[in-house]
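The structure's right below; bear with me while I get my questions together.
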Amino acid sequence: MRHDYAVIGGGIVGLATARALAQQHPDASILLLEKESGPARHQTGRNSGVIHSGIYYKPGSMKAQLCAAGVQSMMRFCDDYGLKYEQCGKVIVATEPHELPQLEALYRRGLDNGLDVRRLTGEQVREFEPHVQALAGIRVASTGIVNYRHVSQVLVELARSHGTQVHFDTCVTRLTPTRDGYDIGTTAGDHAARVVVNCAGLHSDRVARLAGTDPGGSIVPFRGEYYELRPERRHLVRGLIYPVPNPDFPFLGVHFTRMIDGSVHAGPNAVLAFGREGYRKTDLNVRDLAEVLANPGFRALARQHLREGAMEMARSWSKARFVQSLQRLIPEVSADDIVPCAAGVRAQALTQRGQLVDDFLLVDGPNALHVCNAPSPAATSSLEIGRVIAGRVPPLAARRSVAVQAPPPRPQPRHDQGPQGVHA
């Protein structure tokens, strides 16, 4: 059967895209292909569950615009389908005098992005987070927490209720251009589609190249390792506590995140993963690692951030160093208070010149659109990213007439089900 649209990837961006396509093109035939046995098994299901405010992103960028809109659309979605979330807000704190100018710059950026941000003195920080020692801080009220695995499961149910064919355990191995689209080879049989939308996350650059499209960069996997506070020490953290990010290093730094289930995660660091799905220190994929090491862009990045990278590696192997980073925020935390928990891997696009792609990256191809960079805040922004994609995909040529049946009633989400992976 030839479909109108084939979406590759069953993470939250792919699922949101399938939903938006069904909404904007209700007579279209839509196929979603995912190589894992269920949705949200990688970046979506292993992130920190934060509904980000958008404070960090350059005003006018796709990240800034879609994140601000995504906060509202994600919370409305949760309200519509009975999913638990909390708009708890977060504090970003300066613990050293040299961080104060960067904290002020973040405050200004928040205002530029139209956010509800408030300056805090050290005493005022402790009104929100009594155990934090800080010189100053800012409060970002719109930040929230949710379980994105539950969101993804509802999106699967919605997709199927509106006629989308969702195929798990189906890895795409071939994309052959045809006169009116693509023949799609998979590990579970062949398909055909007039338009392909690539939302393959950690493998998005490879899928783009299968279709003959330059993805604009290569995916470099960075593992984020987390610890979890023991239950008896969760009282140390009320909400979300972030440091002022290092302006010379493109990650947010080790922070505390209260999850929607009440647990508290501490992390992540950011180290090179030796495989695109390298969630453990011992995981090694020779092909993936060889590609990274042969990439001149990665070598340039490593030279530029040699000191910071070495510190991240030391923190990865030394619990004592990890704890020292946490104690900058909460001095009471000790090594006995934390236990390791599951890690995540960030799919970060990197140019050949060694520049991390800073914004979401959508690349047009013949009868295709490729999402080639969608790290955080992609989960927050996912419903908005889906709408953008659905409005941007190539128009369908020679649309065939399709008899459309009324969809069944909207599914009621079952919060006790869904993938059982652990947030990281």
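Each value in this text was obtained by applying a stated rule to the coordinates, not by laboratory testing. Please read all numbers here as calculations on a predicted model, not as lab measurements. Note: ideal-geometry Cβ built from the backbone for every residue, glycine included; neighbour counts use all protein chains shown.
By per-residue mean of other Cβ atoms within 10 Å, what is the highest-first order of 71-80, 8-17?
Answer by packing, highest mean first, reads 8-17, 71-80.
Moving to a separate point now. Taking the Cβ of each residue in F251, F256 as the centre, tally the other Cβ atoms inside 10 Å and list the residues starting with the fewest.
Ranking F251, F256 by Cβ neighbours within 10 Å, fewest first, gives F251, F256.
Where Rh is the Kirkwood radius over the Cα pairs of the stretch 219-350, the temperature 10 °C and the viscosity 1.306 mPa s, what D in µm²/s does Stokes-Einstein return? Before the final figure, lay out each step's value.
Values: Rh = 15.5 Å.
Value of D from the Cα-based Kirkwood radius: 102 µm²/s.
Select from G110, G60, G297 the residue whose mean-square fluctuation is largest in a Gaussian network model of the chain (Cα-Cα springs shorter than 10 Å).
Comparing G110, G60, G297 in the GNM, the peak value goes to G60.
For R109, R280, what's the fewest-to-most ordering of other Cβ within 10 Å of each Cβ?
Going from sparsest to densest Cβ surroundings: R280, R109.
With Cβ to Cβ distances under 14 Å as the rule, what net charge do the other residues near E86 carry (K, R +1; D, E -1)? It would help to have the intermediate numbers written out before the result.
Details: positive: K84, K90, R238, R258; negative: D79, D261.
Here the charged neighbours net out to +2.
Moving on. Go through 158-165, 139-146 and give me the packing order, highest mean Cβ count within 10 Å leading. Please list the in-between numbers first.
On the way: 158-165: 18.8, 139-146: 21.9.
The packing order, highest mean first, is 139-146, 158-165.
Would you mind calculating the relative contact order of the chain from Cα pairs under 8 angstrom and at least 6 residues apart, reporting the percent as a whole number?
Here the relative contact order equals 25 percent.
Nearest 500 deg cm²/dmol is fine: what mean residue ellipticity at 222 nm does the chain get from its DSSP H runs of n ≥ 4 alone, each adding -39,500 (n - 2.57), divided by its residue count? Don't skip to the end; give the middle numbers.
Values: 11 runs with 127 residues, N = 424.
Using -39500 (n - 2.57) per qualifying helix, the result is -9000 deg cm²/dmol.
If you restrict to DSSP beta bridges whose two residues both lie in the chain, what percentage is antiparallel, to the nearest 5?
70 percent
Given a 10 angstrom Cα cut-off, can you work out which residue in E225, E277, E104 is the most mobile in a GNM of the chain?
Maximum fluctuation in the GNM of the chain, among the listed residues, is at E104.
Could you name the lysines in cross-link range of K84, using Cα to Cα under 29 Å and dropping any fewer than eight places away on the same chain?
Within reach: K35, K63.
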